[in-house]
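Scroll down for the structure; my scribbles are underneath it.
The values are calculated or read from the model by the stated rules, or taken from the named source; none is laboratory data. Computed from a predicted structure; not experimentally measured. With ideal geometry, Cβ positions are generated from the backbone for all residues, glycine too; neighbour counts draw on all protein chains shown.
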Amino acid sequence: MSMTATTEGAAVRPRLRWGLPAYVVLVLVAMTLALVVPKTGYVLNISLQATTYAIAVLGLTIVLGLCGQINLAQAAFFGLGAYAVGIGQTEYGVNFWVCLLLGTCMAAGFGALLGASTLRLGGHYLAMVTISFQQIVTLVLINWIPVTKGPDGVRAIPRPGFLADGSTYLAFCIFMLALLGFLVWKLRDTRLGRAMRAVRDNELAAGVAGIDVYRTKVTAFALSAVLGGIGGALFAGGFSYVSPDQFSFAESVVFLTMVLLGGVASPIGAAIGTGLLILIPEWLRFLKSIPGLYLAIYGAAVILIVLFMPDGIWGFVRNQFDRFKRAAGSVLGGDTLQLSGGGTGSDMVMEVRGLSKHFGGLKAVDEVDLTIRRGGVHALIGPNGSGKTTTLNVLSGLYRATSGTIMLNGRDVTNLPPHARTAAGLGRTFQNIRLWRSMTALENVMVGAERPGNPVGGDSAALLARSRAALAFVGLEDRADEVVANFSYGHQRAVEIARALAGDPALLLLDEPGAGLNSSEKVELRDLLKRISARGLTILIIDHDMTLVSEVAQHITVLNFGRRIADGYSADVLKHPDVIAAYLGTAPDVAA
């Protein structure tokens, strides 16, 4: 444990020692310059626009960069915050800070509502819905004249007394941008941030790892709207005037371009993209006398940056830095993984009765009974198309059972979603490896260790220690800080198993873990499964390699055409005539 903690300390100490103080110094310098350097009204306006826009763009860093959800309505949330400050102060005399809070809450409410009603869609459907919401808000701002003042907008919006001076207000906006940017930066490595990144990379694997995918998406959308509302509220105070044309769909496209330009996954990238997209037109002002040339150069510059820097400007810089960064040596923590086996006193870890899954007229699983005793390895085998993976998908909640019951540790989980079954003690891997490829091996395993119900989830030191122990258990702790996309197929399979083990499940479902492995890797897998079983964890495995199955499984259930045809001790089942017929496609007497 202490060795693991030392490793982590060595890994993060340089960033904490130099990164945060340098960031604070940079922010203080920027605020000081805003206060003491003389500025014309033009420079002040450009600076205020860049700062308040950057806050709204931070919201896209969360919803798009971390969670991978498209939001083309950020200008609408920006406008809600701005109009709350404008109308609240000019019409009702409400305090600026109260208006800012109300505008932020209004944006958060609409963001959560929009997310809750649309995030089950995704892709271009989600984009269409957010565009529609943006258009609705714009139409309301234009046509609800008694409240919004229509196209004329809201004028003479006051600032708080101590922020009445433009330079002081700019310094305050810089402080807010720095504070919110720091929080977004920290969010990435929190439990919620890892959940968002897992959802972005692979929703299916995230759900099976215990993440409530839908709630995570709604939270990301709401946080994005909050930052949009704060940015809009500060924008209204900075310019003392708001009108509907400032919050149109075109502005949402501008926000999206800013975050893509700077780097979608980083708050630093959001600030860079915002600054450039506001400053580039000003740098090209001298070309405005030539019709069309200004827009052509402006568009070409944006296209070239996006084309040759697909991760954005900051992503490009960071990737170049990582190329030359020397990785610090890791101190191995050893194999200290503890597996409780999810014991509840009962001999049965899972009981399945009359389980069926029909796809129209196709009975993929038909009245299957399955009893898995605690401890040891239970294999589920059968020819291709026999319903094995479908059974596993029903057991883990990816498919809803047509009929039947599933009891896990004495609890009925038949109608629970995947993340709830994981919380109840179910772990799973996939035939086609489903890792979060933009995350490191350690981050992948940490998400698994944060399974709801796993006591280490709330203790960061224990969480880190267990995650490293799980990687050590599969022999990969020395590569914990490498991105899994760079791993070989066999090592990716090992990381996926480590991720499931880190959650300390009561039952581990392995869907063809030997698929795609070479002979030496299969030997390592066999030894790994034996070590897992020796720790007391129950395993249900599907695999076509009968040598592997016969060496690790004590009990075998055989499916054919969705029905159970044999069940019992391994040696007896493998000699069963119906099993031989199913595999060889011959009559039992001929097979004998």
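Could you look through region 410-423, keep only residues that are of a type outside the set (S, T, Y) and surrounded by 20 or more Cβ atoms within 10 Å (Cβ to Cβ), and pick out the one that is nearest to S346 (Cα to Cα)?
The selected residue is V413.
Taking the listed residues V57, V98, V85, the one that is under 34 Å from the mean Cα position of the chain (by Cα), free of Cβ contacts under 8 Å to residues at least 60 places away in the same chain and in a helix (DSSP H, G or I) is V98, with no other qualifying. Among the residues that make up region 566-577, is at least one of them at pLDDT below 85, in contact with a Pro (Cβ under 6 Å, 6 or more places away or on another chain), more than 20 Å from E512 (Cβ to Cβ) and in the same structural domain as T390 (by TED's automatic domain parsing)? Within region 566-577, not a single residue is at pLDDT below 85, in contact with a Pro (Cβ under 6 Å, 6 or more places away or on another chain), more than 20 Å from E512 (Cβ to Cβ) and in the same structural domain as T390 (by TED's automatic domain parsing). So which residues in region 107-132 are surrounded by fewer than 20 Cβ atoms within 10 Å (Cβ to Cβ) and either among the hydroxyl-bearing types (S, T, Y) or more than 21 Å from V254 (Cα to Cα) (or both)? Within region 107-132, G109, A112, L113, A116, S117, R120, L121, G122, Y125, S132 qualify. Among the residues here, G210 does not qualify as in contact (Cβ under 8 Å) with a residue 40 or more places away in the chain, crowded, with 24+ Cβ neighbours inside 10 Å and either assigned to a helix (DSSP H, G or I) or polar (S, T, N, Q) (or both). Checking each residue in region 548-584 for being farther than 20 Å from L370 by Cα and touching a residue at least 24 places away in the same chain (Cβ under 8 Å) picks out L548, E551, Y583. In the set (1) over 20 Å from the mean Cα position of the chain (by Cα); (2) in contact (Cβ under 8 Å) with a residue 40 or more places away in the chain, L398 fails one condition alone, (1).
In the set L304, L337, which member is assigned to a loop (DSSP other than H, G, I, E, B), at pLDDT 75 or above and not assigned by TED's automatic domain parsing to the domain that holds R563?
Working: L304 fails: assigned to a loop (DSSP other than H, G, I, E, B).
Matching residue, one of L304, L337: L337.
Residues in region 259-286 that are more than 14 Å from Y53 (Cβ to Cβ) and among the polar types (S, T, N, Q): S266 only.
Given the criteria touching a residue at least 60 places away in the same chain (Cβ under 8 Å) and either hydrophobic (A, V, I, L, M, F, W, C) or assigned by TED's automatic domain parsing to the domain that holds A265 (or both), does L517 qualify?
Criteria not met by L517.
Residue-by-condition table, conditions (1) out of contact with any Phe, Trp or Tyr (no Cβ under 6 Å at 6 or more places or on another chain); (2) closer than 24 Å to A50 by Cα:
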residue: V129; (1), (2): yes, no
residue: Q134; (1), (2): no, yes
residue: V137; (1), (2): yes, yes
residue: G150; (1), (2): yes, no
residue: P160; (1), (2): no, yes
residue: M176; (1), (2): yes, yes
residue: R194; (1), (2): yes, no
